Amino acid sequence: MALVIFDYDGVLADTLDDLIRFGQEACDQLGVKHVVTKDDLSNLEVMSFATYGRACEVPEHLIDEFVKISLRLFAEKESPPAIFDGVSEVIQHFSTNHKIAIVTTNSSQNVHAFLTQHGLDSLVHAVYGVDTPGSKAQKISIARERFVENGEAVFMIGDALSDVRAAKEAGVTSIAVTWGHQGLETLIKGKPEYVVNSPHELIGVIER
């Protein structure tokens with residue numbers, strides 16, 4: 001048995017278009033004259049709504065408001081984001097023998113709505129969102145302390161350089177995925193233990 005921890009945006013949920021659209025809407029509401037593009041996300045050293053806002057040239061005193069607006073827009077969206085092809089099957093596969101958790105800078109409410117929409121909520125043991133205090137590395141450690149009893153392996157699966165670095169800081173195995181918000185060139189700066197190009201490759205890495 002292993003503890004398999006997923007990031008949310010860009011790993012499970014295909015939220016790129018929403019992030020760009022909601023980022024633009026937040027900037028517009030705040031009077032920030034910036035045209036939001038994918039590059040605002042793809043080059044971030046730390047992937048969070050706060051650093052995203054800074055990349056969009058939001059003044060520091062408005063960053064908290066940018067985060068609140070972005071999270072609210074996600075919560076108010078009529079239907080949760082699409083799930084990447086193959087992810088649902090992989091989670092179902094892992095749920096039979098492993099513990100599954102999610103660590104994200106999105107809200108737990110948004111993640112649970114997504115999981116419920118896609119019939120996966122009962123398969124995930126815990127969600128640690130932006131509403132859980134602490135850094136991403138600290139939340140990984142919280143999950144490990146809660147679910148790992150006998151020295152089982154712990155994997156952190158992310159699509160951002162900051163996910164790789166958080167895994168290393170927490171002392172767990174990092175798996176970078178290439179179908180998310182950041183490209184391979186950015187991901188390898190963190191020297192992940194594994195890089196995978198499709199969800200089903202995760203099974204081979206974790207159950208090797």
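The values are calculated or read from the model by the stated rules, or taken from the named source; none is laboratory data. Worth saying up front: this structure is predicted, and the values here are computed from it rather than measured. Glycine gets a Cβ as well: all are built from the backbone with ideal geometry, and neighbour counts include every protein chain shown.
You will find that of 152, 185, the residue that is loosely packed, with under 15 Cβ neighbours inside 10 Å and part of a helix (DSSP H, G or I) is 185 and no other.
Yes/no matrix, rows are residues, columns are (1) surrounded by fewer than 22 Cβ atoms within 10 Å (Cβ to Cβ); (2) in the same structural domain as residue 153 (by TED's automatic domain parsing):
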site: 9; (1), (2): no, yes
site: 21; (1), (2): yes, no
site: 24; (1), (2): yes, no
site: 29; (1), (2): yes, no
site: 35; (1), (2): yes, no
site: 38; (1), (2): yes, no
site: 41; (1), (2): no, no
site: 45; (1), (2): yes, no
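The condition of being modelled with pLDDT of 95 or more, out of contact with any Gly (no Cβ under 8 Å at 6 or more places or on another chain) and acidic (Asp, Glu) holds for only one of 152, 193, that being 193. Selection of region 131-143 for residues being buried (at least 19 other Cβ atoms within 10 Å of the Cβ) and among the charged types (D, E, K, R) yields 136, 139. Look at (1) crowded, with 22+ Cβ neighbours inside 10 Å; (2) outside any helix (DSSP H, G or I) and you find that residue 163 fails only one, number (2).
Looking across region 64-82 at every residue that is surrounded by 19 or more Cβ atoms within 10 Å (Cβ to Cβ) and out of contact with any Ser or Thr (no Cβ under 9 Å at 6 or more places or on another chain), the one that is nearest to residue 27 (Cα to Cα) is identified as 66. Scanning region 19-42 for residues that are of a type outside the set (A, V, I, L, M) and in contact with a Ser or Thr (Cβ under 7 Å, 6 or more places away or on another chain) returns 22, 23, 42.
Would you pick out the residues in region 15-49 that are under 25 Å from residue 191 (Cβ atoms) and in contact (Cβ under 8 Å) with a residue 12 or more places away in the chain? If you could, list the steps in order and put the result at the bottom.
Our first condition is that a residue be under 25 Å from residue 191 (Cβ atoms); within region 15-49, this holds for 16, 38-48.
Answer for region 15-49, where residues must be under 25 Å from residue 191 (Cβ atoms) and in contact (Cβ under 8 Å) with a residue 12 or more places away in the chain: 16, 38, 40, 41, 42, 43, 44, 45, 46, 47, 48.
For region 151-180, how many residues are of a type in the set (A, V, I, L, M) and within 12 Å of the chain's Cα centre (by Cα)? Residues flagged as of a type in the set (A, V, I, L, M) and within 12 Å of the chain's Cα centre (by Cα) within region 151-180 amount to 8.
Cβ-Cβ distances below 9 Å connect the following pairs, each with a first residue in region 192-208 that is in contact (Cβ under 8 Å) with a residue 40 or more places away in the chain, a second residue that is among the polar types (S, T, N, Q) and surrounded by 14 or more Cβ atoms within 10 Å (Cβ to Cβ), and a separation of six or more residues or different chains: 198/178; 199/88; 205/173; 206/173. Applying the selection to region 34-70, what residues are among the basic types (Lys, Arg) and modelled with pLDDT of 95 or more? Correct list: 54, 68.
Return the only residue of 132, 116 being of a type in the set (S, T, N, Q), assigned by TED's automatic domain parsing to the domain that holds residue 7 and part of a loop (DSSP other than H, G, I, E, B). Walk me through how you get there before you give the answer.
Values: 116 fails: part of a loop (DSSP other than H, G, I, E, B).
Every option except 132 fails the conditions.
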